[in-house]
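> Take this structure, written in structure tokens, and hold onto it; I'll ask about it next.
Quick note: the coordinates plus some simple rules give every number you see, no bench work behind them. Please read all numbers here as calculations on a predicted model, not as lab measurements. Note that we place each Cβ from the backbone using ideal geometry, even for glycine, and neighbour counts take in every protein chain shown.
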Amino acid sequence: MSVTESPTTVAISPRAAANTRTRVIGLLMAVIGLITTFIFGMGSVGSAKSSLTFTPVNLQSAPWHLGALTLSTRLCDVIIGLLMIALGVEVVVRHPAKGVMARFGLVAVLFFLALLVWAARSPGPSQVPFINLTSILIGSSTLAMVLIFGSLSGVMCERAGVVNIAIEGQFIGGAFLGSMIVSTTHSFIYAALAGAVMGGLLGLILAFLALRYLSDQIIVGVVLVTMLGSLSSYLNLQVLTPYPQYNTGHTAPNLAIPLLSKIPILGPVFFNQTGFFYVMLVLVVVISFGLFKTRWGLRVRAVGEHPEAASSVGINVIRTRYTSVIMGGAIAGIGGVAFMAAQGQFQPGYTSGLGYIALAALIFGRWRPSGAVVASVLFGISVYLADNLQTYQIPVPTEVLGMFPYLITIAVVSGLIGRVRPPAADGQPYQRD
Amino acid sequence: MQLELRGITKRFGSFTANDRIDLVVEPGQIHCLLGENGAGKSTLMNVLFGLLHPDEGEIILDGEVTNFADSGAAVRRGIGMVHQHFMLVPVFTVAENVILGFEPTKSLGRLDYEKAAVDIRRVSKAFDLEVDPDAIIEELPVGLQQRVEILKALNHDAELLILDEPTAVLTPQEIEALMAIMRSLAAAGKSILFITHKLKEVRAIADVITVIRQGRVVATAKPTDSEEQLASLMVGRDVNLTVEKPASTTGGNILEIRDLVVRDDRGIAAVNGVTLDVRAGEILALAGVQGNGQTELVEALAGIRSVESGTITINGRDITNCSPRQILDAGLGHVPEDRQRNGLVLSMSVADNLVLNTPRRHPFASRGSRNLAAVNSYAETLVQNFDIRTGSTQAVVGSLSGGNQQKVIVARELSRTLSFFVASQPTRGLDVGSIEYVHQQIVKQRGEGLGILIVSSELDEVMALGDRIAVMHQGRISGIVTPSASRETIGLLMAGVVEVASA
């Protein structure tokens, strides 16, 4: 049986394809909005109230004290849901050229907020009848900080054309060595330096195998993670357990910035943090500036995009890749120490895949430091909630929230939402002919 | 700048790619380096540009012996190279590409884009190379990208410009424009070394011609020499540049393509509404600048790319979106564009490659096991008939020269009963001898009443082989002309400029 179709000529431009993807994102946002409106909003008892508090537990002496904000659960979540729908519809109808991902991020944050409001409703299943929003932001900020260290490491390496899957391994190495150093020297500066050396060394191994022996970078990275996981377990058992004085579990002190830390709600989140947090902020600015405004950045990006072209104007491709990967490793190593400094005592396996989430944040952030920050914040919140929502006895399995970063990454990589393009020579071995 | 090469020798193992090459390029001179693929031109240029180090010999610039540690050193010494495959970062702007490696900076290592733009405008004005410094490279047409390559070299104060096969990707009009640029550069005192195997271009532009063959300088020639003279110097024997093509009687349509739409890997309609017929006993040559949908059209024909809409029929049988196996059985012979990637399994023997499309058929296999004796004797016959130069049918096909690899594919495809034959870039990268041979085989099949489609970006080949010439531009057929049409007409069609009445 053959059907003769009327001959049609379809012109498909890349612009049109991008529009289709934009519409998909818009629809997705609207669907999340509908879920929020009807399940969280209309699904709540009309008389239910949710309380939000803003005074962090560790900052009782704050000069400000905001009372609890008590809202109607239904009204609050319906409004949030409608706002999300409006954002989604706007994207579908107008398909703006820029800022789609930012809007999507906003919807994701709003979704978390609606979820929290719903979870804290009273009467409801929760034993904690209020939600401390500031505490949640502080808790998430620690995770986001670690993820930002990791994804900045990824930016450094992949912009130069080397895939660094070993971020997780560099976290583990940094955390292990950092804990030993801080236990013996009581200095987080020494610990950070040691973590940087450790991460840089692991970067050197990756670079050496990838650049000298042209080994598959993904495989080398996975091997490094596995090796560090096992090695740290072994050393933990052989060294840290019998000699607990090497793993005393200090946490880094918070350094409050005068005045700024007193700002209500946001002050404690941004300006009453450990030194690692401020180092991270500086790194974000320096790397963004360096990569996109300076000679060094132009050369690194050229090496990651078209190494032959870079080489033809006298740029040393191999050396550029070595330095980028070692610097990237060092950044991830510091990230490991930062994690340790927040958690205390080193325990085997306690980075629990944060390095991979950082990699996901790198991709979601389109290989840009600014994008990586946005993605890390989003993923940091979702990981924190996944770890802490049990408290609120939410009927949603926390593992579902834990999957969020990966689901987003799959959606991004498959081109379902947004268009991402890695550096053209990312992961490609380079050989001078 | 005066360049002198004295006794340059470069060996790779036991193979001598350059054998005591002497060459002098005077300032303001356009010096052509003419040679076949594999004659050693690219090796020589890589030596000159610091990418390879010569085993013997000297590079002398303005009377001074020089040694380049890397290409950056060559650039600093005033040598600029326009590579065959552009050395441009596609996602960077024109300005970023031009300054890469020699960036003007402000404090803190910040890039000084204002100074870069001023420099670029100055150079582009001086040499009539208009281009927007803020344009993104990948959004520019190929001709403009090449202009950026030249601009890049000039911005680095190149006094000697090497152009490596620069016309391969250009339309005839773009080639004219390039030649005008080369002339104005020479007039400004720059030395130009122009590498090519195209005789027409050599005669049009060269001041001096050096012919190299098998790594040696075999002659110097004048642009006034005839194409035949140049060709025989290049090949080392007399060659027949015209394809002997007896009159042929054409029959009915063998291939019919209707309103075909095919998307490329990015999802863009690379073939966008093509309707085309090829008759029995006819060679239809498909011309066009690379990347205008020819590749996707042929892939759709061969069943290795899915068809979005429209139909393809061979002898009235609908083969749209059929599997390659079904299409081969329908009588299609296919020589793919990239022979090493899609035409051969390089690590397998000549014999196995010769039966690659029929390995499970009688007599090469029965009851699930291969009959190697039949395969080998069949391979022996083909190697004889098609003059494939190989030590043995068991030799790994990757060890053969490009020309002989192509012969293996042609032999395999033409040794079945066919009704239609399609060949993409059938002579790309081949030496003149192999080109002659492949062309003869194609004409022979035409005499036997096959419908033939030849896709080529070499205009000479298109005009020599085609009974009709279809020109493709941006996924559409911009016109169909007879071989008597002028190069200018075809060139305009390639640029999509005019619609010409169908032949």
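> How high is the relative contact order of chain A? Use alpha-carbon pairs under 8 Å, at least six apart in sequence, and give a whole percent. Can you show the working numbers first?
Numbers: 781 pairs, mean separation 106.9, N = 433.
25 percent.
> For chain B, what is the percent of antiparallel DSSP beta bridges, rounded to the nearest 5?
Working: 45 of 81 bridges.
So the antiparallel bridges in chain B amount to around 55 percent.
> Determine, from the Cβ-Cβ distance of A:Thr226 and A:Gln345 and an R0 of 30 Å, the FRET efficiency 1/(1 + (r/R0)^6), rounded to the nearest 0.05. Intermediate values should be presented prior to the final figure.
Details: r = 23 Å, r/R0 = 0.76.
FRET efficiency, A:Thr226 to A:Gln345: 0.85.
> Give me the percent relative contact order of the range A:135-369, please, defined on Cα pairs under 8 angstrom at least 6 residues apart.
On the way: 404 pairs, mean separation 105.0, N = 235.
45 percent.
> So if I restrict to the alpha-carbon atoms in the range A:15-124, what is the Rg, and what is Dmax, the biggest pairwise distance, in Å?
16.9, 56
> Hey, could you grab the Kirkwood Rh for the range B:1-44? Inverse mean 1/r over distinct alpha carbon pairs, Å, one decimal. Provide the component values of the computation, followed by the final result.
On the way: mean 1/r = 0.0867 Å⁻¹.
Across the range B:1-44, the inverse of the average 1/r is 11.5 Å.
> Using the membrane-span-like helix rule (whole DSSP H runs, Cα extent along the own axis of at least 30 Å, mean Kyte-Doolittle hydropathy at least 0.5), which helices of chain A qualify? List each step's numbers first, then the result.
Numbers: long enough: A:14-35 (32 Å, 0.98); A:73-94 (31 Å, 1.75); A:133-159 (36 Å, 1.38); A:317-343 (39 Å, 1.04).
In chain A, the long hydrophobic H runs are A:14-35, A:73-94, A:133-159, A:317-343.
> Separate question: Along Cα→Cβ, 7 Å out, is where each label goes; now give me the distance between the ones at B:Gln340 and A:Arg94 in nm to one decimal.
With each label point 7 Å from Cα toward Cβ, the separation is 5.2 nm.
> Report, to the nearest 10°, how far helix B:402-414 tilts away from the longest principal axis of the Cα atoms in chain B, using its own Cα long axis and a range of 0 to 90°.
It is inclined by approximately 20 degrees.
> Give the angle, between 0 and 90 degrees and rounded to the nearest 10, that separates the Cα long axis of helix B:372-385 from the longest principal axis of the Cα atoms of chain B.
60 degrees
> Specify the inter-centroid distance of the range B:246-271 and the range A:340-373, based on alpha-carbon positions, in whole Å.
Comparing the Cα centres of the range B:246-271 and the range A:340-373, I get a distance of 52 Å.
> If you take the Cα Rg of the range B:317-398 and divide it by 2.2 N^0.38 Å, with N the number of residues, what do you get? Show your work: numbers first, answer last.
Numbers: Rg = 13.9 Å, N = 82, 2.2 N^0.38 = 11.7 Å.
Cα Rg divided by the expected 2.2 N^0.38 Å: 1.19.
> Divide by every residue of the protein assembly as shown the summed helix terms, -39500 (n - 2.57) for each DSSP H run of at least 4, and state the resulting mean residue ellipticity at 222 nm, rounded to the nearest 500 deg cm²/dmol. Display every interim value, and only then the final one.
Values: 31 runs with 423 residues, N = 936.
Theoretical 222 nm ellipticity from helices: -14500 deg cm²/dmol.
> Another question, then. Simple spin-label model, 7 Å along Cα-to-Cβ: A:Phe208 to B:Lys115 in nm?
For the pair A:Phe208/B:Lys115, the computed spacing is 4.0 nm.
> Using only C-alpha positions, report the orientation-averaged shadow area of the convex hull of chain B, nm², one decimal. Working shown, then result.
Details: hull surface 103.6 nm².
In nm², the orientation-averaged hull projection of chain B is 25.9.
> Enter the mean number of other protein chain beta carbons within 10 Å of the beta carbon of each residue in A:308-320, as an integer.
If you average over the peptide's residues, the count of other-chain Cβ atoms is 6.
> Over 24 Å between C-alpha atoms is what I'm after, so list which of B:Lys106/B:Lys190; A:Lys98/B:Lys125; B:Lys41/B:Lys245; B:Lys152/B:Lys190; B:Lys41/B:Lys152 land there. Kindly include the intermediate steps, with their values, before the conclusion.
Values: B:Lys106/B:Lys190 31 Å; A:Lys98/B:Lys125 35 Å; B:Lys41/B:Lys245 32 Å; B:Lys152/B:Lys190 15 Å; B:Lys41/B:Lys152 22 Å.
Pairs exceeding the cut-off: B:Lys106/B:Lys190; A:Lys98/B:Lys125; B:Lys41/B:Lys245.
> Sticking with this one: Counting only residues 5 or more places away or on other chains, whose amide H sits under 5 Å from the amide H of B:Val455 once H atoms are built in the peptide plane?
B:Leu286, B:Ala423, B:Ser424, B:Gln425
> Okay, moving on. Would any residue of the range B:248-281 have its amide N under 15 Å from a label point 7 Å out along Cα→Cβ of A:Thr20? List them or say none.
So the set is B:261-271.
> Antiparallel versus total DSSP beta bridges in the protein assembly as shown: what percent is that, nearest 5? Present the calculation step by step, with values, prior to reporting the outcome.
Details: 53 of 92 bridges.
Bridges in the protein assembly as shown are about 60 percent antiparallel.
> Right, here's the next one. Can you tell me the relative contact order of chain B? Whole percent, Cα pairs under 8 Å, sequence separation 6 or more.
Working: 1038 pairs, mean separation 74.1, N = 503.
Relative contact order for chain B comes out at 15 percent.
> Express in % the proportion of alpha carbon pairs of the range B:229-313 at distances exceeding 16 Å. Walk me through the numbers before you get to the answer.
Values: 2254 of 3570 pairs.
Value for the range B:229-313: 63 percent of Cα pairs lie more than 16 Å apart.
> Let me check the size of the range B:322-478 from its C-alpha atoms; what are the radius of gyration and Dmax in Å?
So, for the range B:322-478, Rg and Dmax equal 16.0, 51 Å respectively.
> Moving on to the next point. What are the aspartates and glutamates whose alpha-carbon lies under 18 Å from the alpha-carbon of A:Lys49, with same-chain residues fewer than 8 places away excluded?
In chain and number order, the partners are A:Asp77.
> Now a separate question. What do you get for Rg/Rh over the range B:3-117 if you use C-alpha atoms and the Kirkwood form of Rh?
Details: Rg = 17.0 Å, Rh = 16.2 Å.
Taking Rh as the inverse mean 1/r over Cα pairs, Rg/Rh reads 1.05.
> Could you work out the Kirkwood radius for the range A:135-369, taking every pair of different alpha carbons, averaging 1/r and inverting it, reported in Å?
On the way: mean 1/r = 0.0558 Å⁻¹.
Averaging 1/r across every pair of different Cα atoms and inverting gives 17.9 Å.
> Continuing with the same structure: Work out which trypsin sites (Lys or Arg not before Pro) in chain A are exposed loop sites (DSSP not H, G, I, E or B, at most 16 other Cβ within 10 Å) and give the longest gap free of them. Write down the numbers at each step before the final one.
Details: sites that count: A:Lys98, A:Arg419, A:Arg432.
Longest run free of exposed loop sites: A:99-418.
> Separate question: Among the trypsin sites (Lys or Arg not before Pro) within the range B:249-317, which fall in a DSSP loop and have no more than 14 other Cβ atoms within 10 Å of their own Cβ?
Details: sites: B:Arg258, B:Arg263, B:Arg266, B:Arg279, B:Arg305, B:Arg317; in loops: B:Arg266, B:Arg305.
The qualifying sites are B:Arg266.
> Applying 1/(1 + (r/R0)^6) with R0 = 30 Å to the Cβ-Cβ distance of A:Thr251 and A:Ala102, what FRET efficiency is obtained, to the nearest 0.05? Intermediate values should be presented prior to the final figure.
Numbers: r = 34 Å, r/R0 = 1.12.
After rounding to 0.05, the efficiency reads 0.35.
> Rounded, prolate or oblate: which fits the range B:155-270, taking a ≥ b ≥ c as square roots of the Cα gyration tensor eigenvalues, rounded meaning a/c under 1.5, else prolate when a/b beats b/c?
In terms of gyration-tensor shape, oblate.
> Using only the alpha-carbon atoms, what does the protein assembly as shown span along each of its principal axes? Please give whole angstrom values in decreasing order.
Computed over the protein assembly as shown, the largest-to-smallest principal extents equal 98, 78, 60 Å.
> Let me ask something else. Name the most mobile residue of A:Leu240, A:Leu359, A:Leu69, meaning the one with the largest mean-square fluctuation, in a Gaussian network model of chain A with Cα contacts below 10 Å.
Result for chain A, Cα springs under 10 Å: A:Leu69 fluctuates most.
> Hey, what's the Cα Rg ratio for chain A versus the globular rule of thumb, 2.2 N^0.38 Å? Intermediate results must be reported in sequence, preceding the final value.
Values: Rg = 23.6 Å, N = 433, 2.2 N^0.38 = 22.1 Å.
Expressed relative to 2.2 N^0.38 Å, the Cα Rg reads 1.07.
> What is the helix-to-structure angle for B:432-447, meaning the angle in degrees between its Cα long axis and the longest Cα principal axis of chain B, kept from 0 to 90 and rounded to the nearest 10?
That works out to roughly 30 degrees.
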